[in-house]
Structure formats: C-alpha cells, structure tokens
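Below is one structure, written out as structure tokens; the observations come after it.
The values are calculated or read from the model by the stated rules, or taken from the named source; none is laboratory data. Quantities reported herein were computed from a predicted structural model and do not represent experimental measurements. Methodologically, a virtual Cβ is constructed for each residue, glycine included, from the backbone with ideal geometry; neighbour enumeration extends over all protein chains shown.
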Amino acid sequence: METIIVKGIVLSSYDYKEKDKLVEVFTAELGKITAVIKGCKAPNAKLKFAFQPFCFAEFSIIRQGKFYQIIDAKLIDSFFDLTYDLSTYYLSNVILEVSSVSVDFEEQNPKLFILLANALKNICYDNLPAHLVTAKFCEDVMNMLGYKISFYKCTNCNMPYTNKVFLNLDSGEFVCASCKNENSISVSNQAFALLKILASTDYERLGTVKIAENVAKEAIIALCKNMEHRLLKILHSYKFI
Ligand SMILES: [Zn+2]
C-alpha cells in the first residue's frame, strides 16, 4: 500500500471504536480528508498529539477504503497557546469550522490552507487580536467563495444604504431597510463599518484597528450566519464566542 506524505491541520476529531479516533484534517495536498488514527487513545500512545484540533503536522497516510489511515505524524506546530485562553480558543474554533464547511472532501484549496495556517499563526504568535483575525478570516473565506460583501449598495435593490443594514437569512445577503423581510436581522452600523475596514486592512495591521470586542463578535456572528445561509451548512462554533 502506498504511503502518502501530506502537511495538514487537524480541524476536528471524534472517538471512533474503542481505541481509535477519526479526524478531519485539512491538508495542503489533498484538501479536507477524514482519517482514522488507530490505538491513539491510550495515555502513552505515540500519535496522541495527532488528533488534537489545531495540530499542524506532516502526516504519513494510507488509503483504507473510504477513509484514510494516519500511520505516522511529525509535529510541525501544536498551536497549543490557542487553547490557553478560553475566548481565544472559541474564536480559533470558528476559524477551524469555517475552513471545514468551505470545502468539500478532497477538494484541493491550497490558498485556503495558507489562509488558515496564517490566521492561527497570527493569533498564536504574532499577538494580533483574535476577534479581528477571526472576523477578517471569515470575510476572506466568503470573498474566496465568491460572496463578496457589497458595502455601499443593497444587494437586493442596488440603492445606496441610507440607514441601517440587515442580513437577509433567506438569501444570506446584506440588504437595506426597505428590502428586509421578517427573516432579516439587523446588523449594527459599527459592525458593518468594521467589515468594511477589515476588507482593506492587511492582517499585519489588524493591531491598529481599535474596536470594541463585542462589535467584532457581532461581525463574526453576522458573517457566520451569512455563510450558513449561502452554503446551506450549519455552524456551531460562533454560538460560543
Ligand atoms: Zn434594498
């Protein structure tokens, strides 16, 4: 059986059978894959580190029917510090989940892989504010998927926004007060303005954006809901931030 070497970041993991774990890994080479790690739950198991979310490693994998099996892993970075602070941890989980729902299994997307690795690095080592990195990451992913936010005109009627902005939960689009329906939620002007600022600010400069954390969180929640309705997928992680 051929062994494939891939670089990947663990997005999530689940118990599988008595001693195994099933992990979802986003790899640079194969895109998102599901892989089993056998016998890794024992306290002294060699691959115990390899099923932790955020684990960035070089994985040796073989194909096992529908799944892959991870037979070895060399740790590149555990991004362990992301788990140190609860708020940072929950925000970083949004980054993992958004990455997961943005691609189908084995759909290669090296650009998203780099975006993901850099976002985790920015929070873990570059001391950039986790709420702003997460908000910008969500926005970048939506742009990459072709859902660029229209900041000046309502997506529905094409008229400039005059007052409040709403997020239409049927279409996942941002709309004006005249176009909102009963299934629309309002987005504060501050949160919408932040999305506009983030779109033109590089990650390295996020430290210069002064904005209340709750505004950034509102922006993240709006983007996640936007994404849910655009992609018809359910996200859980933003409910914890
Ligand atoms: Zn409108």
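Number of residues in the stretch 39-71 that are at pLDDT 95 or above and among the charged types (D, E, K, R): the value is 1. Can you find even one residue in the stretch 6-18 that is polar (S, T, N, Q), at pLDDT 95 or above, out of contact with any His (no Cβ under 6 Å at 6 or more places or on another chain) and surrounded by fewer than 18 Cβ atoms within 10 Å (Cβ to Cβ)? Checked against the condition, which is being polar (S, T, N, Q), at pLDDT 95 or above, out of contact with any His (no Cβ under 6 Å at 6 or more places or on another chain) and surrounded by fewer than 18 Cβ atoms within 10 Å (Cβ to Cβ), the stretch 6-18 yields at least one hit. If the condition is being touching a Gly at 6+ places or on another chain (Cβ under 7 Å) and β-branched (Val, Ile, Thr), then the stretch 108-143 contributes no residue at all.
Does the stretch 194-203 include one or more residues that are more than 20 Å from the chain's Cα centre (by Cα), touching a residue at least 24 places away in the same chain (Cβ under 8 Å) and either crowded, with 20+ Cβ neighbours inside 10 Å or away from the ligand (no atom under 16 Å from the Cβ) (or both)? No, every residue in the stretch 194-203 fails to be more than 20 Å from the chain's Cα centre (by Cα), touching a residue at least 24 places away in the same chain (Cβ under 8 Å) and either crowded, with 20+ Cβ neighbours inside 10 Å or away from the ligand (no atom under 16 Å from the Cβ) (or both).
Please work out which residue is surrounded by the most Cβ atoms within 10 Å (Cβ to Cβ), limiting yourself to the stretch 67-115 and to residues that are among the aliphatic types (A, V, I, L, M) and part of a strand (DSSP E or B). Among them, the one singled out is ILE70. Residue count for the stretch 150-165 under the criterion of being near the ligand (Cβ under 9 Å from one of its atoms) and of a type in the set (Val, Ile, Thr): the result is 1. For the stretch 142-149, check the following and say yes or no: at least one residue is within 16 Å of the ligand (Cβ to nearest atom), more than 20 Å from the chain's Cα centre (by Cα) and modelled with pLDDT under 95. Within the stretch 142-149, none of the residues are within 16 Å of the ligand (Cβ to nearest atom), more than 20 Å from the chain's Cα centre (by Cα) and modelled with pLDDT under 95. Screening PHE49 against (1) in a strand (DSSP E or B); (2) among the aromatic types (Phe, Trp, Tyr); (3) surrounded by fewer than 16 Cβ atoms within 10 Å (Cβ to Cβ) leaves a single unmet condition, (1). Among the residues making up the stretch 116-148, a single one is among the aromatic types (Phe, Trp, Tyr) and assigned to a helix (DSSP H, G or I): PHE137.
Residues that are aliphatic (A, V, I, L, M) and closer than 27 Å to HIS236 by Cα do not occur anywhere in the stretch 58-69.
Could you go through the stretch 174-182 and let me know if any residue there is under 15 Å from ILE220 (Cα atoms), within 11 Å of the ligand (Cβ to nearest atom) and modelled with pLDDT under 95. Yes; the residues of the stretch 174-182 include at least one that is under 15 Å from ILE220 (Cα atoms), within 11 Å of the ligand (Cβ to nearest atom) and modelled with pLDDT under 95.
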